There are 2 protein chains.
Amino acid sequence: MKAETIQRSLEDSGLRCTAQRYAVMAFLMEHKGHPTAAEIFEGVNRLDPRSSRATTYNNLRDLVKAGLVSEVAVEGRAGRFDAKGTRHHHFICDRCGSVEDMDWYNVPKPASRSLGKRVVRECQLIFRGLCTKCAARRASR
Amino acid sequence: MKAETIQRSLEDSGLRCTAQRYAVMAFLMEHKGHPTAAEIFEGVNRLDPRSSRATTYNNLRDLVKAGLVSEVAVEGRAGRFDAKGTRHHHFICDRCGSVEDMDWYNVPKPASRSLGKRVVRECQLIFRGLCTKCAARRASR
DNA sequence: ATATTAGATTAGATATATTCTAATTATTCG
DNA sequence: CGAATAATTAGAATATATCTAATCTAATAT
């Protein structure tokens, strides 16, 4: 039944439901820990069909463009991906670069005067600091 | 007089005011367009002392850690840097990856319940969409 | 059903971005 | 001064992401 859900959301976005694309989507829905492209590539290939690195990147790009997946860029590290489920913000750890979900809450839009002729598609709130693990590690020194 | 300002802010952060480090800081204050590390490297070397790529990256890292400079990660592209002047948010163009400043306004903090044991150092608001140039370009098609 | 076309995928090469290494130089401090 | 620490260097190495050109697949038209 999740299978049909994925298939439908792909097709609704005008994307064919290929084995490789489906696998990326399914992997993201089962691994909520914001995996990198390399982890996704490894993960989907560990299971079944041989998928190439290029295809994994292509599909991630397509899924992001279609709005089914979001990407979180992390300074100096691989980007991380996330199946868009319920709305949420993100937390990025300064030390280990891990990305975690944060409860969503509404953020006021910028004044239209400050927008100029820009077209704003979305607005992301990103918290930075130390994750639980890294905070504990620092405290114990 | 800007020279002393830079020197003081470096020393206040426990960083020696070396020629290379100063140059990075000065370059960032004169170029508000959010340059990449490569552009900064090129820029400071075009002027005067030979500085190496590694040093440029090292200094950028130190300056970010000291809170004098901020870095904006952009998906699939080089990170961009910004001397922290007055507070502001950022806008990232989906198409060309350019980063622009947006007027600052206060953003409500998350509920402490949702923070857990995380330590939040800062909170960034990032707008995404099409910059003025790219929006115009798209409209004309 | 075949042919045509557009959409996807592939392996590997390439490009881009960043960090590491080990040696060297500069600065601070006792 | 001399020792210890901080900073810099060139270039190699790594990590990350995209490109290429050939091939395969699926949808549509004939």
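The values are calculated or read from the model by the stated rules, or taken from the named source; none is laboratory data. Note that the coordinates shown come from a computational prediction; the quantities given were computed from them, not determined experimentally. Every residue, glycine as well, gets a Cβ built from its backbone with ideal geometry; the counts of neighbours run over all protein chains shown. In case anyone asks, the SASA skips ligands and DNA or RNA and just uses the protein heavy atoms, side chains included. Shrake-Rupley method; radii C 1.70, N 1.55, O 1.52, S 1.80 Å.
The mean sequence distance of close C-alpha pairs (under 8 Å, at least 6 residues apart), as a share of the length of segment B:1-84, puts its relative contact order at 30 percent. Check cross-link reach from B:LYS2 to the aspartates and glutamates: straight Cα distance under 12 Å, and skip same-chain residues fewer than eight apart. Correct list for B:LYS2: B:GLU30. Spacing of the modelled spin labels on A:ARG121 and B:SER13, each 7 Å from Cα toward Cβ, amounts to 3.2 nm.
Working value for the protein assembly as shown: equivalent-ellipsoid semi-axes of 35, 22, 20 Å, each the square root of 5 times a Cα gyration tensor eigenvalue, largest first.
Antiparallel beta bridges, as assigned by DSSP with both residues in chain B, represent about 70 percent of the total such bridges. Dimensions of segment B:1-84 based on its C-alpha atoms, expressed as ranges along the principal axes with the largest first, amount to 36, 25, 21 Å. Kirkwood hydrodynamic radius computed over segment A:86-141 comes to 13.6 Å, based on all pairs of distinct alpha carbons.
Buried accessible surface for the B/A chain pair comes to about 3000 Å², total over both chains, computed with a 1.4 Å probe.
P(r) tail for chain A, what percent of Cα pairs lie past 24 Å? Tail of the P(r) past 24 Å holds 41 percent of the pairs. Projected label points at A:THR5 and B:MET29, each 7 Å from Cα along the beta carbon direction, are separated by 5.4 nanometres.
Inter-chain neighbour count for A:107-120: the average number of beta-carbon atoms from partner chains within 10 Å of each residue's beta-carbon is 6.
Evaluate peptide B:123-136: per residue, the Cβ atoms of other protein chains within 10 Å of its Cβ; return the mean as an integer.
5
For a quick check: with amide H placed at 1.01 Å from N, whose amide H comes under 5 Å from A:TRP104's, ignoring anything fewer than 5 positions away on the same chain? Long-range HN contacts for A:TRP104: A:HIS89. Extending 7 Å from the Cα toward the beta-carbon at both A:ARG87 and B:ALA78 defines two label points whose distance is 3.6 nm. Annotation: per residue accessible area for segment B:30-141 equals 57 Å², rounded to a whole number [probe 1.4 Å, protein chains only]. Computed over protein heavy atoms with a 1.4 Å probe, the carbon and sulfur contribution to the accessible area of segment A:1-84 reaches 50%. For segment B:95-117, the residues whose amide N sits under 17 Å from a probe point set 7 Å from the Cα of A:ALA111 along the beta carbon direction are B:101-107.
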